Amino acid sequence: MNLHVGLTDFLVVSAILFSLGIYGVVTRKNAIMVLMGIELILNSANLNFVAFTRFGLMNLTGQVIALFVIILAAAEAAILLAIVLNIHQQLDTVNVDEVDKLKN
Amino acid sequence: MAQTIYQSFSYILPETILAIFFVLTLLTAIVGKRRSKYLPAYMALLGFVIAGIFVFNQIGTDELVFSGMYAVDPFSWFFKIIFLVAGILIILFSLQSRELEAASTKYAEYFSLIISLTIGAFFMAGSTNLLMMYLSLELVSISSYILSGFTKESARADEASLKYVIYGAFSSGLMLYGISLLYGMTGETNLYAFNQAIAMGGIQKITLLIAIVLILVGLGYKISAVPFHFWTPDVYEGAPITVTAFLSVTSKAAGFAMLIRFFKIGFIDVAAQPVVAGMWEIFRGFRWTDIIAALSVLTMTVGNLVALWQSNIKRLLAYSSIAHAGYILMGFVTLSDQGISAMLMYFVAYLLMNLGAFYVVMLVANKYHTENIDDYKGLGYRSPYVAFALTVFLFSLTGIPPTFGFIGKFYLFAALIHTNYIWLAIVGVLNSVVSLYYYLKVVKNMYLQQPVETSRVSFDFGTNLLMTLLVVPNILLMLYFSPVLAWAQNSVTMFGIR
């Protein structure tokens, strides 16, 4: 049995993560869970970058991009959490479906 | 000619100046009085003016800096001027905004975020590298998430920022996945190298299509093109008016700049003549521009049709700005120099008319405390000059002469007819007719309906002066548009494209 882990395996895992992320964003009502879905999407892209760099391509660009993305993901999470915290204080809910006053 | 890293720094002086003033504006919070809005506002204005001087010095520059990550060329120069003018006008508007006084202890943060959004927009207009594209897009996004929820005691603004950040983070995540696929296929992050990699062939068409569609999600979200527009009405209605106006111009123009550069550099067969025919097909007979044409038709039709039912003027202008994204995309479908220059010219018109319209909406909200279109009844009698100005801006948005909006639309349609996209031009004209209905509804309310109250409401001299500064170019440029046309035609040059 061949147990060698190659590029395809990483891509499959990242595709699964990506799909789970989209599923999470679309189905979850809780803003924090939506954020976790978004994090999954970002990390699936990160896995892609690192895997492509490790197998196949000779330069280190992908790994550098992954570092940048990690930092950005942290910044985005900070902003989203701050906004959700404020929503919780003002409207007393973190359910994204209940925040819908702006409709005619 | 490519520059070394050390030499490159001299080419990003405007961005550096803005970054310095970002910090300085933020520092005014601890030096000046906490509630004073003038100190941070003047600091930010000073930053914009100094950056503007350095931008003007870059006229005619055509260089690729930082190892091919960032282009300083006439194309990005054009957009930088747009961003600077928009930023300065927004700062002046913000000084008069009632709404922002709810967050009066945070003026320093507010003005510094306006600067940081502008820096992001600068980098978006010039980035020629997938990583740079993503980073600058996020800089704009993150600044605008905070700005849209800036008056955080207002439930409307909270909801706007929550919706904005969720849609925004989701679509930029999709875009990042698309970028990772592109990187995997070509091994390159540079758009020029990417073009060569496609030219050499051996790239899976299906994967490329998926990657590009995912990237289009991110860009389409920024320009609020239709399948990705759901955040726009809510954010535009909920955010403070000054922020709405800023997002509708700067953030949208930056998205368009990036979209144009991405496709124009990445996907055009440089060897082909004329360049229009040189865009690669995805499959036989199916070109990238077909996707854009579909987006454009959807965007303007949905934007205009939904705008018909709106009763809140900010929401109406939000749908109108979606429709305008559709019109501007029409110019992109042609991909010809004529089409791109028509788009650029439309941005000048869009800047003047849209900021003007939002300015009037803000003034009315300040004095009349309403954003409802029904409450605009009799505005023509109560505040004649404001009503006249709004009429000019709305005519300009519709594209009726004698306003600059007419010239902008005219050149877009001319470019389409020139490249045989006559069906698209017809759709565009029909859409303009539809838009006439809801713009004129506001004008009708102002002049033909009797007001409930009849007392006059007047505005101070500075307000009228600023409004005149927006009204005059809207009319004057209709009569004397050749300098703008020449400027737009000279600005289609991107580094490496001819």
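The values are calculated or read from the model by the stated rules, or taken from the named source; none is laboratory data. Remember, predicted model here, so these are calculated numbers, not experimental data. In this analysis, Cβ positions are derived from the backbone assuming ideal geometry, glycine residues included, and neighbour counts consider all displayed protein chains.
What the table below lists for this structure:
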| item | result |
| --- | --- |
| Which numbered condition A:Gly56 fails, given (1) at positive phi; (2) more than 10 Å from chain B (Cβ to nearest Cβ) | (2) |
| Single residue of segment B:158-191 satisfying the filter (in contact with a Phe, Trp or Tyr (Cβ under 8 Å, 6 or more places away or on another chain) and charged (D, E, K, R)) that is farthest from B:Gly202 (Cα to Cα) | B:Lys163 |
| Pairs with Cβ under 8 Å, 6+ apart, first in segment B:222-242 and more than 10 Å from chain A (Cβ to nearest Cβ) and under 20 Å from B:Leu298 (Cα atoms), second not in a helix (DSSP H, G or I) and not β-branched (Val, Ile, Thr) | B:Trp231/B:Ser224; B:Thr232/B:Ser224 |
| Filter result for B:Val165 (more than 9 Å from every other protein chain (Cβ to nearest Cβ), out of contact with any strand residue (DSSP E or B) (no Cβ under 9 Å at 6 or more places or on another chain) and not small (Gly, Ala, Ser)) | no |
| Among the candidates B:Trp288, B:Trp231, residue that is at negative phi and modelled with pLDDT under 85 | B:Trp288 |
| Criterion: buried (at least 16 other Cβ atoms within 10 Å of the Cβ), at pLDDT below 90, under 20 Å from B:Leu477 (Cβ atoms) and not basic (Lys, Arg) - qualifying residue of B:Ile373, B:Ile407, B:Ile400 | B:Ile400 |
| Test: residue in segment B:31-41 that is among the aromatic types (Phe, Trp, Tyr), within 17 Å of B:Thr250 (Cα to Cα) and not in a loop (DSSP other than H, G, I, E, B) | no |
| Within segment B:376-396, considering residues that are free of Cβ contacts under 8 Å to residues at least 60 places away in the same chain and farther than 12 Å from B:Tyr447 by Cα, the one surrounded by the fewest Cβ atoms within 10 Å (Cβ to Cβ) | B:Phe395 |
| Single residue of A:Val64, A:Val34, A:Val69 found to be more than 14 Å from the chain's Cα centre (by Cα) and either at the interface with another protein chain (Cβ under 10 Å from one of its Cβ atoms) or farther than 30 Å from B:Ile313 by Cβ (or both) | A:Val64 |
| Filter result for B:Ser143 (within 12 Å of chain A (Cβ to nearest Cβ) and either free of Cβ contacts under 8 Å to residues at least 12 places away in the same chain or hydroxyl-bearing (Ser, Thr, Tyr) (or both)) | yes |
| Qualifying residue in segment A:72-91 (condition: more than 7 Å from chain B (Cβ to nearest Cβ), free of Cβ contacts under 8 Å to residues at least 12 places away in the same chain and closer than 19 Å to B:Trp231 by Cβ) | yes |
| Residue within segment A:22-31 that is at pLDDT 85 or above, more than 20 Å from B:Leu214 (Cβ to Cβ) and at the interface with chain B (Cβ under 8 Å from one of its Cβ atoms) present | yes |
| Candidates B:Ile328, B:Ile292, B:Ile322 - the one that is touching a Gly at 6+ places or on another chain (Cβ under 7 Å) and either touching a residue at least 24 places away in the same chain (Cβ under 8 Å) or surrounded by fewer than 24 Cβ atoms within 10 Å (Cβ to Cβ) (or both) | B:Ile322 |
| Matching option when the condition is within 14 Å of chain A (Cβ to nearest Cβ), touching a residue at least 12 places away in the same chain (Cβ under 8 Å) and either in contact with an Asp or Glu (Cβ under 8 Å, 6 or more places away or on another chain) or among the charged types (D, E, K, R) (or both), among B:Glu138, B:Glu63 | B:Glu138 |
| Long-range neighbours under 6 Å by Cβ, at least six apart or interchain, first residue in contact (Cβ under 8 Å) with a residue 40 or more places away in the chain within segment B:208-221, second of a type outside the set (A, V, I, L, M, F, W, C) | B:Leu214/B:Tyr177; B:Leu214/B:Gly178; B:Ile215/B:Gly178; B:Val217/B:Ser171; B:Gly218/B:Ser171; B:Gly218/B:Ser172; B:Leu219/B:Gly255; B:Tyr221/B:Ser171 |
| Test set (1) touching a Phe, Trp or Tyr at 6+ places or on another chain (Cβ under 9 Å); (2) assigned to a helix (DSSP H, G or I); (3) among the hydrophobic types (A, V, I, L, M, F, W, C) - B:Val361 fails condition number | (1) |
| Subset tally (residues that are touching a helix residue (DSSP H, G or I) at 6+ places or on another chain (Cβ under 9 Å) and farther than 22 Å from B:Gly187 by Cα) for segment A:44-71 | 0 |
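Residue-wise test of (1) at pLDDT below 95; (2) not in a helix (DSSP H, G or I).
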position: B:Ala71; (1), (2): yes, yes
position: B:Leu100; (1), (2): yes, no
position: B:Ile114; (1), (2): no, no
position: B:Ala121; (1), (2): no, no
position: B:Leu131; (1), (2): yes, no
position: B:Thr151; (1), (2): yes, yes
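Yes/no matrix, rows are residues, columns are (1) exposed (fewer than 15 other Cβ atoms within 10 Å of the Cβ); (2) under 17 Å from B:Phe358 (Cβ atoms); (3) within 25 Å of the chain's Cα centre (by Cα):
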site: B:Val429; (1), (2), (3): yes, no, yes
site: B:Ser432; (1), (2), (3): no, no, yes
site: B:Leu436; (1), (2), (3): no, no, yes
site: B:Val442; (1), (2), (3): no, yes, yes
site: B:Val471; (1), (2), (3): no, yes, yes
site: B:Leu477; (1), (2), (3): no, no, yes
site: B:Gln489; (1), (2), (3): no, no, yes
